[in-house]
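Quick notes on the structure that follows.
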């Protein structure tokens, strides 16, 4: 359920790194908790993103939530398909449902993120706390 080749932020976003490019999205758990996603604010290309700070907002039938950037950098691409079909995030959160690509500023920020196993444990604890 949680791919091993990506890193996870405790705010339920993920990042997949290729060189200095970081593709960002929300996790399976996040999209499942949100329910049907109906809208996402476009992350502005050439804007700056800061690790741990809101990158954009996402709306579902249940709530509006901040999408927290797992790393710092410059937004170099926004997934334009989400404008017409935000439900792609529900259907494929780790593939076609990516949100933005950042040009990373500080690769050491990746060390603060969780691997798949640690994120899965984190989600299990969060679910227990809600019960």
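Rule-based calculations on the coordinates, nothing more; no lab input. Just so it is clear, the structure is predicted and the values come from calculations on it, not from any experiment. Please note: Cβ atoms are built from the backbone with ideal geometry, for glycine as well, and neighbour counts cover all protein chains shown.
Highest mobility in the GNM of the chain, judged by mean-square fluctuation with C-alpha springs under 10 Å and restricted to 49, 63, 22, is found for 63.
Residue ranges 104-113, 33-42 sort as 33-42, 104-113 when ordered by packing (mean number of other C-beta atoms within 10 Å per residue, highest first). By the helix-only formula, in which each DSSP H run with n ≥ 4 contributes -39500 (n - 2.57) and the sum is divided by residues, the chain has a 222 nm mean residue ellipticity of -6000 deg cm²/dmol. For segment 1-55, what's the relative contact order in percent, using C-alpha pairs closer than 8 Å and at least 6 residues apart? Relative contact order comes out at 21 percent. Counted residue by residue at 0.36 nm each, then reduced by the alpha carbon distance between them, the extension gain from residue 66 to residue 108 reaches 12.8 nm.
Each Cα pair under 8 Å and six or more residues apart adds its separation to the average, and for segment 1-129 the resulting relative contact order is 31 percent. Sorting 69-78, 116-125 by their mean Cβ neighbour count within 10 Å, with the most densely packed peptide first, gives 69-78, 116-125.
When Rg and the Kirkwood radius Rh are both evaluated on Cα atoms of the chain, their ratio Rg/Rh stands at 0.94. Distance from the alpha carbon centroid of segment 1-60 to that of segment 78-122 works out to 4 angstrom.
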